[in-house]
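Since the structure comes first, as structure tokens, the remarks are kept for the end.
We did not get these values from a lab; they are worked out from the coordinates using the rules stated. Given the structure is predicted, the values throughout are model-derived calculations rather than measurements. Counting neighbours? That spans all protein chains shown, and the Cβs are built from the backbone with ideal geometry, glycine included.
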Amino acid sequence: MTDLFAPAADWQRLPGRYVTARRWSALAYNLITTIVVVLGVGFIFDWSWAGGTAVAGLAWTGWRVIRAGRWVRAFGYAERELDLLITQGLWNKRLTAIPYGRMLSVNVDSGPIERAWGLAKVELVTASVQSAAQIPGLPQETATGLRDRLIVAGEAQALPL
Amino acid sequence: MTADPGPVPLPPDAPPAPEADAPAKRTERPHPLTPFIRGWVVLLILVTGIGREFLPDGEGPRPLPPLEWILIGVAVLALGAGAAGYVSWRFTRFVIDAEELRIDTGAIFRRSSRIAFDKVQSIDVVQPFAARVFGLAELQVDVGSQERFKLRYLQLGRAYALRDYLLSRARGAKAEATESTAPVSILADLHEADEVLVQVQPQTLLLAAVTSHEFWAIVLSGLLFIAIGLASGQWWMVLAGGIPTISGLFGFVSRRVTGQFNYTLSRRPHGLRISRGLTSITSQSLPARRVQAAQLSQSPVWRYLGLYRIDIEVIGWGGVTGDEDTTGVSTILLPAGTMEQVRVALAAIWPQADFAEVVLSPAPRRARWLHPFSGPFLRWGHDQHLVVSQHGWLVRRWQLVPHARVQSVRVAQGPVSRRLGLADLEFHTAGMHIAAHASGVDAAVVLERQSELMALLHHPGPDLSEPSVATASELSEAQAVIATPVSDNSGTGDRVVGQAAGPDALRADQAEATISSTE
């Protein structure tokens, strides 16, 4: 059953330091969200409700921090001849195949936390919103290299819209 | 589709500006006045907003904070907008040259986007008032994705030059300066040259409306309300439930009948057209190439009447129409019709495909654990043109997606479906509303089917909205007689040329048909 989400291909995994970056970003974003929500609940409803919310928020943060390692190890991408495969997810697994010819643009994003580890995220934009193809946590040179390879392959194999 | 066009030689009429004056890679910035204009725009909004407060509006004078406070607030906000504009200007760079179109933005969250030249759909040059004063303009690049890439602000001449250059690149090797043709005329009547494909009678619409599941949903909710009223002895609830229900039913039926009255799908020499309506007649042209997906649906009673409805999703038309009475574009391809009419209507947009020939395979029995109601009716299959999936328990739905419109394919599996050895397949198209998918597929076959689907996606051949080969040659003969020297954007002439000259020409052709530019 595992090979359903990892067909034979040259799978590339994410670098180990992305686990740390992902833990920090999970910590940062989740804690900020939790604080905002807790304060909101506290002021609007009741501080006892806010306590419950805080516990839930902390549990969620801890869960994300713990799961980050397994999530990153489960993530993979493969550049095949005609398409890019992305596999991800632990419980809800997804395998997305995007033909190079369908890519409209390729973005390289790097937020402050990712930049601190020298990482960047490659985002593939197709005409479909549902594609939502992102490869997070790549070293910056790898990311720009991948972007340039993808766009060249896309222009060479362009499929009509 | 492997032939790389390579560095496309610039057509002689394209502006030589982008690379003639600088052979090395040249990154540009928007015009330095940009932050000033942004601050100015915010200032204008504030001033008009506050000015409106000062105007007498019949409610007497309102208490306002002292003038100096207002002025300080406005100045702070305008300066803030200007500062934000300065930062974003400082970090915005772009490269538009023979090799790449790249835009780098963002101070904290940096983004570097590269856009494929041939995916550019349209380019707009926009001039807000403040920019106009300084002879600046905003360049918007639409690649068909959700966000538009914006470059603001550039000198007007530069914006036009870049637009012309990008448009010529998007048209590929066959770049020519073509005049945009006049928009399609909207006439109430049918021309004699029009070939009527499908016509829906008002009585069919009426019958379909009163037997649709939406109608019965309104009836049931009204009856429920009345029953509660009777049971509790609250007589006012009977009235309060009955009157809105009756008026709601009346409104529903009349919307369906008047909105789609005299529905006619016809083929003109230049494409398909839908005309409909009783009080206000709407006539819209239907660009078959831009149809992303279609969905057939059938209410429970319609199964005995043999009626179907077709909704389609078209790029740039927004959501799937819920209100039949809208005067604008509607995404209903067939409001109600027999299977024969369904076939004709679908053959009009996809002449090469026949969905009835697609062999559908049912979901395995164990899928009923996950889909207790619709399980027995889940089916999916594909042939060389279409992917078809069937869903629904009471209301049956068939989703049809051509391979040529699939943007990506995803296999998804949750914890429960993993236990059952099932998986879902999603077919992503450029539309957002008909989310085509096949649920409860046997996991053992899903991977091989996915690679099969991907392989089909890569061999587009002639597009399935082209007429079939025999028809095309007939058309080309006919076209030779009809053809005028003026190139017409959506006509059959271009299509035939595209088929003769191979996939690249087809692409260039199509770019020409979809590219629009406004000023």
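The Cα atoms of chain A give a gyration tensor whose axes a ≥ b ≥ c have a/c of 1.5 or more with a/b greater than b/c, which makes the shape prolate. Working from label points 7 Å from Cα in the Cα-to-Cβ sense, the B:I70 to B:E147 distance is 3.7 nm. Other protein chain C-beta atoms within 10 Å of residue C-beta, averaged over A:109-120: 2.
Take the Cα of B:R29, step 7 Å toward its Cβ, do the same at A:A132, and the gap between the two points is 3.8 nm.
Here B:R132, A:R80 are placed in order of increasing Cβ neighbour count within 10 Å, fewest first, which gives B:R132, A:R80. Annotation: the residues B:R396, A:R102, sorted from fewest to most other C-beta atoms within 10 Å of their own C-beta, follow the order B:R396, A:R102. Average projection, convex hull of the Cα set of the stretch A:94-158: 4.4 square nanometres. Taking every alpha-carbon pair under 8 Å whose residues sit at least 6 apart, chain A reaches a relative contact order of 21 percent. Close amide H partners of A:S110, meaning residues 5 or more places away or on another chain with modelled amide H under 5 Å apart, are A:K121, B:R110. Here the 3J(HN,Hα) profile of the stretch A:96-112, calculated from phi with Karplus coefficients 6.51, -1.76 and 1.60 at θ = phi - 60°, is 10, 10, 10, x, 4, x, 8, 6, 8, 8, 10, 10, 10, 10, 9, x, x Hz, Gly and Pro shown as x.
What the Cβ-Cβ distance of B:D104 and B:W236 gives, at R0 = 51 Å and to the nearest 0.05, is a FRET efficiency of 0.15. Report, in order of residue number, the helices in chain A meeting two criteria: a C-alpha extent of 30 Å or more along the helix axis, and a mean Kyte-Doolittle hydropathy of at least 0.5; treat each whole DSSP H run as one helix. Helix filter hits for chain A: A:17-44. Highest mobility in the GNM of chain A, judged by mean-square fluctuation with C-alpha springs under 10 Å and restricted to A:G101, A:G51, A:G76, is found for A:G51.
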